[in-house]
1. Every residue in the stretch 46-83 that is assigned to a helix (DSSP H, G or I) and among the hydrophobic types (A, V, I, L, M, F, W, C), please.
2. For the stretch 1-26, enumerate the residues that are assigned to a strand (DSSP E or B) and surrounded by 11 or more Cβ atoms within 10 Å (Cβ to Cβ).
3. If you take the residues in the stretch 48-79 that are among the basic types (Lys, Arg) and over 14 Å from Leu12 (Cβ atoms), which one is modelled with the highest pLDDT?
4. Has the stretch 29-44 got at least one residue that is under 23 Å from Lys87 (Cβ atoms) and in contact with a His (Cβ under 9 Å, 6 or more places away or on another chain)?
5. Quick one: would you say Lys15 is under 12 Å from the mean Cα position of the chain (by Cα) and without any contact (Cβ under 8 Å) to a residue 24 or more places away in the chain?
6. Name every residue in the stretch 43-70 that is surrounded by 16 or more Cβ atoms within 10 Å (Cβ to Cβ), within 11 Å of the chain's Cα centre (by Cα) and without any contact (Cβ under 8 Å) to a residue 60 or more places away in the chain, in order of residue number.
7. Checking the structure you have, find out if any residue of the stretch 27-40 is of a type outside the set (Phe, Trp, Tyr), at pLDDT below 95 and either assigned to a strand (DSSP E or B) or within 13 Å of the chain's Cα centre (by Cα) (or both).
Amino acid sequence: MSIKTRKISSSLQSKGFEPTESDHTYYWFFLEGIRTHIKTKISHGKNEYGDRLLSAMRKQLKLDSALELKDLINCPMSQERYIELLKERGEL
């Protein structure tokens, strides 16, 4: 599976992540205006992320499976459901 970085970026922002530019673009998850410890990054030079990078991103986003990551990015998973998952897992 590979996903365009532009799609990942827009999906993360729609779920409450805010980008910060540096050597990479870092996406921090904000809840009720407060930055949490949950973050991931997208490299400037990449147009697509393959399985290896998506696996690393999945772990950073505290998701248990590739299906959860796919649902988060492709939008079947709402921001509310993502927050529920994070709370169930003790991340929030």
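The values are calculated or read from the model by the stated rules, or taken from the named source; none is laboratory data. The shown structure was predicted, so the numbers you read here are calculated from the model rather than taken from an experiment. When we count neighbours, we look across all protein chains shown, and the Cβ atoms used for this are built from the backbone with ideal geometry, even at glycine.
1. Pass one, the stretch 46-83, residues assigned to a helix (DSSP H, G or I): 51-60, 66-74, 79-83.
Of everything in the stretch 46-83, those that are assigned to a helix (DSSP H, G or I) and among the hydrophobic types (A, V, I, L, M, F, W, C) turn out to be Leu53, Leu54, Ala56, Met57, Ala66, Leu67, Leu69, Leu72, Ile73, Ile83.
2. Of the stretch 1-26, the ones assigned to a strand (DSSP E or B) are 3-4, 17-21, 25-26.
Passing the criteria: Ile3, Lys4, Phe17, Glu18, Pro19, Thr20, Thr25, Tyr26.
3. Step one: list which residues in the stretch 48-79 are among the basic types (Lys, Arg), which gives 52, 58-59, 62, 70.
Imposing the further condition that a residue be over 14 Å from Leu12 (Cβ atoms) reduces the set to 52, 59.
Values: Arg52: 93, Lys59: 97.
Result: Lys59.
4. Let us first name the residues in the stretch 29-44 that are under 23 Å from Lys87 (Cβ atoms), namely 29-40.
Pick out the ones that are also in contact with a His (Cβ under 9 Å, 6 or more places away or on another chain) and you get 29.
Scanning the stretch 29-44, I find at least one residue that is under 23 Å from Lys87 (Cβ atoms) and in contact with a His (Cβ under 9 Å, 6 or more places away or on another chain), so the answer is yes.
5. On the way: under 12 Å from the mean Cα position of the chain (by Cα): yes; without any contact (Cβ under 8 Å) to a residue 24 or more places away in the chain: no.
When the stated conditions are applied, Lys15 does not pass them.
6. Quick first cut of the stretch 43-70, residues surrounded by 16 or more Cβ atoms within 10 Å (Cβ to Cβ) only: 49, 53-54, 57-58, 61-63, 68-70.
Subsequent filtering for residues that are within 11 Å of the chain's Cα centre (by Cα) retains 54, 57-58, 61-63, 68-70.
Listed by number, the residues that qualify are Leu54, Met57, Arg58, Leu61, Lys62, Leu63, Glu68, Leu69.
7. The answer is no, given that none of the residues of the stretch 27-40 is of a type outside the set (Phe, Trp, Tyr), at pLDDT below 95 and either assigned to a strand (DSSP E or B) or within 13 Å of the chain's Cα centre (by Cα) (or both).
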